[in-house]
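Data first, discussion second: the structure below is written as structure tokens.
The values are calculated or read from the model by the stated rules, or taken from the named source; none is laboratory data. The structure presented is a predicted model; accordingly, all values stated were derived computationally and were not measured. Counting neighbours? That spans all protein chains shown, and the Cβs are built from the backbone with ideal geometry, glycine included. Protein only, heavy atoms only, side chains kept; ligands, DNA and RNA dropped before computing areas. Shrake-Rupley method; radii C 1.70, N 1.55, O 1.52, S 1.80 Å.
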Amino acid sequence: MIDPSVIRPEIALGDFLPIFVSSALVLVFGGFYVGIYTAVKVKMLKPWFIALAYMFWLLTAYCLYLMGSLMHVGEFTAKALVVAAIGLILLPHAVYYMQDQVHKKNEH
Amino acid sequence: MAKKSVWSDNRFWQRSATWVTGFASILLIWLTFDTSAQIAMGNDKNLKDGVTKRVPGPTVINYKITYEMSNKRGHEVPIIGGNDGKGNSLFQQKEKFFGRDDYSEKEARALLHLGKLGSQAKNCMDCHTLLGNGAYYAPDLTKAWLDPAWGPDGAMQALTGKNTKEEAMAEFLQHPDQYPTHARMMPNLGITAKEAKGLVAFLKHMSSIDTNGFPRNFGKIKGAVHGK
Amino acid sequence: MASKYLTGTGSESKQLATWYFTFAAILFGAQLLFGLVAATQYVMPGFLYGILDFSIARIIHINALVVWMVFAMFGSVYWLLPDETGIETVGIKIGKLLFWIFAAAIVVVVLVFLFIQVGKADATTIWFITEGREYIEAPRWADWGIVVVALGFVGNLFLTGMKGKQTGIVTVLMADMIAFAGLYLAGMFFTDNISVDQYWWWWVIHLWVEATWEVFVGAIAAYGLIKMLGAHRQVVEMWLWIEVAMLFGSGILGLGHHYFWIGTPEYWWEIGALFSALEPLPLVAMFVHVLYDWGKTQGSEEEKGNTNSVINNKPAFTWFVLNAFGNFLGAGVWGFFHTLPQINLYTHGTQFTSAHGHLAFFGAYATILIGMFYIAVQGTNGIKVMKHTRASIWATSMITGGMMGMTVALTIAGYVQVIVSRAQMGATWAGYFDGQSGMWFQQAMDWRLIMGLVIFTGFIILAKDLLTTGKNPVHER
Ligand code: HEM
Ligand code: HEM
Ligand SMILES: [Fe+2]
């Protein structure tokens, strides 16, 4: 439950735009992260691009933070957002790992 | 063949999918029971006993309804029959609805039933939003009953030549094409006087539903945080 | 890679699929036309006022949308069943009969919407004219008709799946289609309590598009990847199960994001926020998967010294890739935009919702179903490698570009509405119209209409391409 002492402060009028922009960028950057990661793994891109991928993840995390603080999310939602960010960083690793396992299993 | 790993085992994933789906479904069903109990419509006795319901009984049309800040909840809530000063309903102050404030449970229920049927038979939801859901071509109706436009200082009573909110609304609903407020006009949907009364009862009832503070700052144009 | 079932001729199931696809494409055209009427009314409110009011145009727009997609989904299943199970669909004669019943019922429903429009406030109206609940306005008699047809369809699917080879894709489809049909029942009752009404209404709408339909898309994408790329079934099917887990795991309780403000208790804020914030993850993952399979398959072919593209159906594959991307963008990005209660309080029921609704339905469903149309054209014409034509490229670009443009316009309109009508004016009648008359809002509505015309032109070109490309000599046979 939301702590009653910090109940829903109003969103400042000027904050709406940054909120919308940052929440869109969350997934745009997130998409870049995942896309670049995968492209490197399937050798469509050079290995050093992986650094770029992680940079995009950092941008994602920053946007999530920005968005969350501007809309004054409660404690619970803040935790949910952290979970989502961690889920995102793990996602392509997990997907790639599993796919590779299956590929190996089937191609040898 | 590479080492076998559960991560690449289809059966493992098939089972996981089944478990996850089953678990989410059961949780949803359980929540549905709880929510259903909380949003079941109240009755006249609740109102008389001062029991606050998320969806009050139909005889709420006998009472004065407002939408005020509750410090405890941190947002506006519907207040029925007067405010105790802390954002709770007193269920005392009545308000006449088409000249009466003594509708029996049965009468009020019949009116609400007619109104809800009417809202569907005329496709209200395909221009307006109800509780925020529907179409975006016309204003939200969630708290339409409380809209200042229909109040004593609003334009609609004068426009329709009526002295009360409910009569002005009923008149407008029957002949929307005669009382245009903007170039975008509501069409004439063949609403009869009886249906209009039911629809207004439906709207008044809807305004008494506890919507967790949606819409925000409703009708507080002057006093609103971001008021112009 | 061409299997012996690739050609539609000879398989009655595939023939029935083409009927479903054809009717779906016609309804798609109707959807766009009535969308244009509604969009024109935003710009010129007098247009067809009192004759074909906004509400009616909108009903036909969104009901045609839902129905064409259901038709195309049924068609897709009838198309892939023989390939997957290795046998002709069981009970196909009944399937064909049900198609005609379904199509006839839809025509009647549309004619009643068009010419009768509204009724008296009584149960007769609900049974025979309109139910007046967004997306599922079809009157009650038609609901029952749909239930019967859906049961027949599910029967075909189950009997065939059990008799033939039951692949992972077929298993997922069987489970998913049962849930899909069953959920429709949640929208088939009347109640005076608007909160209870909307509670169950969302079971149909949300649990369709964000759970069962998404899983359907996962299954179709799996089929398409095997079919068009020759991707490895084992990989694709494992992946499909993971998708099912992620989609249902987040989507079922993500339902909470519709229970913030309809009278339901406050705990839905937390549940809705948590699960719907996770909803984009499977969409990101689906995107990766397509990229991965494409890269891997092409890579392993190149290792063998084969530099030709591994894709045997260019237009369909383009639509499948657009699906992976559009799903992520429309449902993921635009969904995440407004899914936290703190912001949804202001965006709920504005043009933002409409922007998301358009891009999500288009990106997640229209794209992949159009892709299936192309797969059917390839199959029925016995084409081995299907190439892009000038028309297919124009159609794809115009429809997709128009859709993006429309979404941007609606998003700008939504922003004006949030600031003016909601944050400043508290969502009153006057506040609503203040927002609507803002210059930015009005220009956005102009652009939406223009983009709608671009989309419609693209659709005409698409229809032409679908009808003619089968005979085009550029394709390899
Ligand atoms: C393919 C998948 C999806 C489709 C087709 C879709 C479609 C829609 C449509 C049509 C509406 C408007 C319903 C109405 O008329 O009132 C809607 C509302 C909504 N969608 Fe989605 N959606 C999808 C996925 C998502 C996802 C993944 C999220 C969250 C991350 C999301 C978040 C929302 C929210 C919060 C609303 C409510 C908007 C409001 O309060 O007005 N949607 N969706
Ligand atoms: C020619 C192109 C199109 C035009 C001009 C158009 C126009 C419109 C209009 C005016 C509305 C009513 C919105 C309101 O109530 O304010 C609407 C709603 C809707 N349209 Fe379209 N549309 C078009 C194409 C599409 C396509 C291709 C799809 C999906 C694939 C789609 C899906 C929807 C949905 C889901 C809604 C309901 C949105 C909601 O309730 O939030 N439309 N459209
Ligand atoms: Fe949803």
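Using amide H atoms built in the peptide plane, which far-off residues or other-chain residues are under 5 Å from C:Ile87 H to H?
C:Lys165
In sequence order, what are the phi-derived ³J(HN,Hα) couplings for the range C:280-288 according to the Karplus relation 6.51 cos²θ - 1.76 cosθ + 1.60 with θ = phi - 60°, rounded to whole Hz, with x for glycine and proline?
x, 4, x, 6, 4, 5, 4, 5, 4
For each pair in B:Lys94/B:Lys204; B:Lys96/B:Lys116; C:Lys165/C:Lys314; B:Lys86/B:Lys143, compute the distance between the two Cα atoms and list the pairs where it is over 24 Å.
As for pairs spanning more than 24 Å Cα to Cα, those are C:Lys165/C:Lys314.
Say R0 is 51 Å: what FRET efficiency, to the nearest 0.05, do C:Leu467 and B:Ser36 get from their beta-carbon distance?
0.50
Relative to the longest principal axis of the C-alpha atoms of chain B, give the angle of the C-alpha long axis of helix B:10-39, reported between 0 and 90° and rounded to the nearest 10°.
Between helix and principal axis, roughly 30 degrees.
At a temperature of 25 °C and a viscosity of 0.890 mPa s, determine how fast chain C diffuses translationally according to Stokes-Einstein, using the Kirkwood radius over alpha-carbon pairs as Rh; express D in µm²/s, rounded to the nearest whole number. It would help to have the intermediate numbers written out before the result.
Numbers: Rh = 23.1 Å.
Translational D for this selection: 106 µm²/s.
Could the peptides C:114-120, C:192-198 be put in order, highest first, of the mean number of other beta-carbon atoms found within 10 Å of their residues?
C:192-198, C:114-120
For the protein assembly as shown, what is the mean residue ellipticity at 222 nm derived from helices alone (per DSSP H run of n ≥ 4: -39500 (n - 2.57); sum divided by total residues; nearest 500 deg cm²/dmol)? Let's see the in-between values first.
Numbers: 28 runs with 496 residues, N = 813.
After summing the helix terms and dividing by the residues of the protein assembly as shown, the value is -20500 deg cm²/dmol.
Of B:Tyr103, B:Tyr67, B:Tyr136, which has the largest mean-square fluctuation in a 10 Å C-alpha GNM of chain B?
B:Tyr136
Check which residues have an amide H placed less than 5 Å from B:Val77's amide H, if you skip close sequence neighbours.
B:Glu68, B:Met69, B:Ser70
Suppose R0 equals 41 Å; then what is the FRET efficiency for B:Trp19 and C:Phe128 from their Cβ-Cβ distance, rounded to the nearest 0.05?
Computed FRET efficiency for B:Trp19 and C:Phe128: 0.40.
Please give the charge dipole size of the range C:200-296, origin at the Cα centre, charges +1 on K and R Cβ atoms and -1 on D and E Cβ atoms. Round to the nearest 20 debye.
Roughly 380 debye for the range C:200-296.
Considering only B:Lys197, B:Lys64, B:Lys106, give the residue with the highest GNM mean-square fluctuation for chain B, with springs between Cα atoms whenever their separation is below 10 Å.
B:Lys106
On C-alpha positions alone, give me the angle between the axis of helix C:351-360 and the longest principal axis of chain C, in degrees, nearest 10.
10 degrees
On average, how many beta carbons from a partner chain sit within 10 Å of the beta carbon of a residue in C:165-178?
Across C:165-178, the average partner-chain Cβ count within 10 Å equals 1.
Mind telling me which of B:Lys143, B:Lys96, B:Lys165 comes out most flexible in a GNM of chain B, alpha-carbon contacts under 10 Å?
Greatest mean-square fluctuation among the candidates belongs to B:Lys96.
Carbon and sulfur together cover what percent of the accessible area of chain C at a 1.4 Å probe radius?
72 percent
Can you tell me how chain B classifies by the Cα gyration tensor, rounded, prolate or oblate, using a/c under 1.5 as the rounded cut?
Details: a/c = 2.12, a/b = 1.78, b/c = 1.19.
It comes out prolate by the Cα gyration axes.
How big is D for the range C:352-465, in µm² s⁻¹ as a whole number, if Stokes-Einstein is applied with the Kirkwood radius of its Cα pairs at 4 °C and 1.567 mPa s?
82 µm²/s
Could you work out the mean count of beta carbons from other protein chains within 10 Å of each residue's beta carbon in C:242-253? Show your work: numbers first, answer last.
Details: counts 10, 2, 7, 10, 5, 3, 8, 7, 3, 2, 8, 6.
The shielding value for this peptide is 6.
Averaged across A:67-73, how many Cβ atoms of other chains sit within 10 Å of each residue's Cβ atom?
For peptide A:67-73, the averaged partner shielding equals 3.
Determine the relative contact order of chain B: mean sequence separation of Cα pairs under 8 Å and six or more apart, normalised by residue count, in whole percent. Present the calculation step by step, with values, prior to reporting the outcome.
Working: 334 pairs, mean separation 41.4, N = 228.
With pairs under 8 Å counted, the relative contact order is 18 percent.
Between 0 and 90 degrees, rounded to the nearest ten: what's the tilt of helix A:49-70 against the longest Cα principal axis of chain A?
For A:49-70 against chain A, the angle is about 20 degrees.
Where the only charges are on Cβ atoms (+1 Lys, Arg; -1 Asp, Glu), what is the dipole of the range A:14-105 about its Cα centre, to the nearest 20 debye?
Using only the charged Cβ atoms, the result is roughly 540 debye.
Using the per-residue mean of other Cβ atoms lying within 10 Å as a proxy for protection, in what order, highest first, do the peptides B:20-32, C:203-215 fall?
The most tightly packed comes first, giving C:203-215, B:20-32.
Which listed residue (A:Phe20, A:Leu45, A:Gly87) has the Cα farthest towards the positive end of the charge dipole for chain A, taking +1 on Lys and Arg C-beta and -1 on Asp and Glu C-beta about the Cα centre?
A:Leu45
Please report, in cubic angstrom per residue, the volume enclosed by the convex hull of the alpha-carbon atoms of the protein assembly as shown.
Spread over its residues, the Cα hull of the protein assembly as shown gives 149 Å³ apiece.
From the Cα gyration tensor of the range C:1-166, with a ≥ b ≥ c the square roots of its eigenvalues, which class applies: rounded if a/c is under 1.5, or else prolate if a/b is larger than b/c, or else oblate? Please list the in-between numbers first.
Working: a/c = 3.51, a/b = 1.96, b/c = 1.79.
Taking the square roots of the gyration eigenvalues as a ≥ b ≥ c, the range C:1-166 is prolate.
If you take the accessible area of C alone plus A alone and subtract the pair, what total do you get in square angstrom, rounded to 100, with a 1.4 Å probe?
Chains C and A together bury roughly 4100 Å² of accessible area.
Remind me, relative contact order of the range C:1-166 in percent, using alpha carbon pairs under 8 angstrom and six or more residues apart?
27 percent
Kindly write out, for the range C:440-454 in residue order, the coupling ³J(HN,Hα) from the Karplus curve 6.51 cos²θ - 1.76 cosθ + 1.60 (θ = phi - 60°), rounded to whole Hz, with x marking Gly and Pro.
Ordered by residue, 3J(HN,Hα) equals 5, 4, 5, 5, 4, 5, 4, 5, 4, 5, 4, 5, x, 5, 4 Hz.
Using protein heavy atoms only (no ligands, DNA or RNA), what is the total accessible area buried between C and B, 1.4 Å probe, nearest 100 Å²?
7400 Å²
Multiply the residue gap between C:Ile26 and C:Val43 by 0.36 nm, knock off their C-alpha separation, and tell me the result in nm, one decimal place.
Roughly 3.5 nm would be gained on extension.
Highest first, please rank the peptides A:74-86, C:153-165, C:28-40 by the mean number of other Cβ atoms sitting within 10 Å of their residues.
C:28-40, C:153-165, A:74-86
Any idea what the dipole of the protein assembly as shown comes to, in debye rounded to 20, about its Cα centre with Lys/Arg Cβ at +1 and Asp/Glu Cβ at -1?
Computed charge dipole of the protein assembly as shown: roughly 1260 debye.
What translational D, rounded to a whole number of µm²/s, comes out for the range B:74-115 from Stokes-Einstein when the hydrodynamic radius is the Kirkwood one over Cα pairs, at 20 °C and 1.002 mPa s?
After rounding, the answer is 177 µm²/s.
Calculate one ³J(HN,Hα) per residue across the range C:268-273 by plugging θ = phi - 60° into the Karplus curve 6.51 cos²θ - 1.76 cosθ + 1.60, and present them in order as whole Hz with x for glycine and proline.
Taking θ as phi minus 60°, the curve returns 5, 4, 5, 5, x, 5 Hz for the range C:268-273.
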